[in-house]
Amino acid sequence: MCKLIVYSMLVLTVFLLTSCSLEGSRTDMLNKNDEEKTADSRIEQIIEAIKNQEKQAIKDMFSEQAQNEAKALDDEINYLLALVEGNIESWEKIGGSVGESDDYGHIKIKSRFRYNVYTDKEEYLFSILEYTKDTDNPDNVGVYSIKAINVKNEEPVFSDAGIYKPEE
């Protein structure tokens, strides 16, 4: 009987210790949900700024680092505002990812989400890259890039800071 109690305690201890190792994945899931909510909020802000033709509101969403790295952010914002034709009626998330690095307390969180945005005239694909946390470089926190294309056009390569604008 004593052996049964000892074995039961041992099995229970092993079970409890293994379930603790799952905590990281639960935390990751919760962080991804928070990042998804942040991304959804960001697309709402972008759409509202486009509807109201608010150039400065769009510019203010970009991190200081992205503003410094972007080649011609003001021209790119003008392009974005001119690109979207019609009244924006709805949007839907079509995918995304969250990357988090933690190097001895130096944390960087990068989210990348894609949305279909529908107007009464056209359909657009938006891809938003945003750093939501960077403990080493707070100037990096904010939107890094917005890529918006009309879905009837060929999809571009997304790599630069700022807003994607096709070569003329």
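The values are calculated or read from the model by the stated rules, or taken from the named source; none is laboratory data. Please read all numbers here as calculations on a predicted model, not as lab measurements. Reconstructed Cβ throughout: ideal geometry from the backbone, glycine too, with neighbour counts over all protein chains shown.
Observations on the structure shown:
For every residue, the table says whether it meets (1) farther than 16 Å from Glu35 by Cβ; (2) crowded, with 16+ Cβ neighbours inside 10 Å; (3) at pLDDT 95 or above; (4) aromatic (Phe, Trp, Tyr).
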site: Lys51; (1), (2), (3), (4): yes, no, yes, no
site: Ala66; (1), (2), (3), (4): yes, yes, yes, no
site: Ala72; (1), (2), (3), (4): yes, no, no, no
site: Ser97; (1), (2), (3), (4): no, no, no, no
site: Gly142; (1), (2), (3), (4): no, yes, yes, no
site: Ala161; (1), (2), (3), (4): yes, yes, no, no
site: Tyr164; (1), (2), (3), (4): yes, yes, no, yes
site: Glu168; (1), (2), (3), (4): yes, no, no, no
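- Qualifying residue in region 81-91 (condition: within 19 Å of the chain's Cα centre (by Cα), closer than 22 Å to Asn116 by Cα and buried (at least 17 other Cβ atoms within 10 Å of the Cβ)): yes
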